[in-house]
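Report on one structure; see the data block that follows.
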């Protein structure tokens, strides 16, 4: 009997997503191949429900990966790609010194099970960088220091004994078009004799020669994922005051990204206040064009407020260390500068013109906004349609210079980044369904963020799949 060639079997090959979660890997695979995955497996009903909402033509198995018989679910059809994203929290450094779970750490062995049962042509596995340190645990559930990496080497050896060539690397999502710095371990194993291909980065540091010469695109930034129309409440008139450490982080961020920054990130607030014409421009041009940068949280100093005409003799400026007057959504401000504040002890946050930091299962990123208005000696700015008002403040606290123009901060706003913004940062498409399952049941924000933090950035999956399985790109699923 004539042996089937790659061209003979490609129209019959299946694509399988183990540990499918909310669908990050599946979304990336679909971006690469133009088709949905055939089989998705996950033990979590909520995760499967989100996956079904976005991948309705996939066959879903809501059960433990160990309970699934690879040969039975594939019905004897060849598997072109089997993707694995086993639980990573018991490898991650974020786990700290807490006891590890041997059962969870052993989930990756299911890839060897698939290799021995149905021998997928290509196996891909994603995890945290620390996956390479996989080794035996002591009786207290702690990693034995001098045996780090021992189990990982056994795992690689088991794949090779099943006929696979194995390679692994660490990749950053920002280098492949996702506006996040998330860094992950990736393993590719092939059994078909073809070469493993690691796609070269498509994006890079804007300051690099490659970007300046047009070889690479500049990193996508946090600015892109922020919904600037969402209000950013003042940090001063909260019912429950912010924690002291939070205020200290905000203060450090204001100093670093506003006061000490020669070109702070600025958003223009137009005649419609927070409306659609609120644009972002680069500061290296005239002041009418302003840049915007965004990370996990946005901080903005508010400068001046104007309200009813009946109180026109009252001054509307104030220091940022005083409670803020009511801030409405009308055209009361000239400029706003922003940065991301992160809820980590040693973090100052980061600017808006770089990729968002790694998205975790618990939202640790907050947007800080500082609203500014021009400072005219003893006056602190004006309503865009009214005369200037006298300013009570005689000191120069909160005064900064931008492009040779003086501005003053009147308030600081703070809000958590919303789930949609975090999914945008991971590289999901804007229409990816995150707030409800396929039955229409709503997900709370905490569940949405958890799904996002556990997700594979789709652009990374896309890059690896399209580089190693180009022959499947023209294939369309057979009903």
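Here are the numbers for this structure:
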| quantity | calculated |
| --- | --- |
| Ranking of 65, 456, 465 by count of other Cβ atoms within 10 Å, fewest first | 65, 465, 456 |
| Residue 433/residue 215 FRET efficiency (R0 45 Å; Cβ-Cβ; nearest 0.05) | 0.80 |
| Two-site FRET efficiency, residue 446 against residue 255, from Cβ-Cβ distance with R₀ of 41 Å, rounded to 0.05 | 0.80 |
| Burial ordering of 75, 408, fewest other beta-carbon atoms within 10 Å first | 75, 408 |
| Nitroxide proxy distance, nm - points 7 Å out along Cα→Cβ at residue 399 and residue 160 | 6.9 |
| Contour excess over end-to-end distance, with Cα ends at residue 237 and residue 471 and 0.36 nm allotted per residue | 78.3 nm |
| Stretchable slack from residue 200 to residue 63, in nm (0.36 nm times residue separation minus alpha-carbon distance) | 45.7 nm |
| Residues residue 227 and residue 406, FRET efficiency given R0 of 25 Å [Cβ-Cβ distance, rounded to 0.05] | 0.25 |
| Rounded, prolate or oblate (a/c below 1.5 giving rounded, otherwise prolate when a/b exceeds b/c) for the stretch 125-196 by Cα gyration tensor | oblate |
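Bear in mind that the values in this text are calculations on the coordinates, not laboratory data. Note that this is a predicted model, so its numbers are computed, not measured. Note that each Cβ is placed from the backbone with ideal geometry, even for glycine, and that neighbours are counted across all protein chains shown.
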